[in-house]
Amino acid sequence: MTVREFAALVDRDLRQWVRSPTAIISSLLLPFLYLLLFGQAFNNITGLAASLPAASGGGALSTFSGAPDYYSYFTAGMVGFTLLGTSLFAGANVIFDRRFGVLKKIVSAPVARDVIFGARIFSAVVRGLIFGSFVFVIALAFAHVPGLNGLTVTASVTPVGALEIVLAMVMLTALFTAISVAIGFLIEQIDAFFAVINLVNLPVLFTSSALFPRTLLPPWLKAASDWNPISLASNVVRENLFAAAGSYYPDGPAFYLGVLAIVTVVFGALTTAAVRWSLRPR
């Protein structure tokens, strides 16, 4: 019975998403524009890095932790950035469902609170995998367009490596979706929700190694970046896409996935408790 309820709620969320083509197109345009504009413009950092002597920590491979150029390094981080955006705004649907009375009907039905919460996370993970895969497709396609930089994969991606990348994407999406949905259950005003989400979004993004090479960060920011969930997921992607990356990361993908799993489980437990509290009988 629980599986049926879970599947029904996931189906509802995904149907609601599919019926909003404007939201889908705008969500796809954001990573497309970042890859087309931001990545192309800042790929000049590659030339600067290559001009530095390797002995002083220079050189493209050293600067970009094994990636052959900035664009390839940025693409891996862009996957995490896209998943962060997809996840953090998932909680807005909770507030809209509350306003239109849908949430009240769902809560009054004989459905476990954990199922309601889990279904929203699962549907967000499905969306995240689609958007994350879109980033890879566009970045690879740009490599074949004259005048544009694109993703250069220098490693042979094995089935295990592909699975590690998918697991990193799933856990990163689940982690931030759980936080966002819990905030949506706790906060009733949409403007307050977006204020809190932006307060989470920017520090998490800019203390990660998603957009800017870790090697160029100040020491205190490097320490924060090393344990940032987006950095952990990006490390997994980079170590599987770039042959030289293994020499620049102290640990393998399995370690970063393990840390990410621990963080996801801890925050999953905390946010589940918060959702149960917000849905308690009053």
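Report the convex hull volume per residue for the chain, counting only C-alpha atoms, in Å³. Don't skip to the answer; put the middle values down first.
Working: hull volume 38.7 nm³, N = 282.
Dividing the Cα hull volume of the chain by its residue count gives 137 Å³.
Computed over the chain, relative contact order equals 26 percent, with contacts defined as Cα pairs under 8 Å that lie 6+ residues apart.
Just so you know, the Cα atoms of region 202-282 work out to an Rg and Dmax of 15.9, 57 Å. Once each of the chymotrypsin sites (Phe, Trp or Tyr not before Pro) sitting in a DSSP loop with at most 12 other beta-carbon atoms within 10 Å is removed, the chain keeps 101-226 as its longest stretch.
Add -39500 (n - 2.57) for each DSSP H run of 4 or more in the chain, then divide by its residues: what number comes out at 222 nm, to the nearest 500 deg cm²/dmol? Write down the numbers at each step before the final one.
On the way: 14 runs with 201 residues, N = 282.
Using -39500 (n - 2.57) per qualifying helix, the result is -23000 deg cm²/dmol.
Bear in mind these aren't lab numbers, they're just calculated from the coordinates by the rules spelled out. On a predicted model such as this, the values are computed, not experimentally measured, just so you know. Ideal geometry is used to build each Cβ from the backbone, glycine not excepted, and the neighbour counts take in all protein chains shown.
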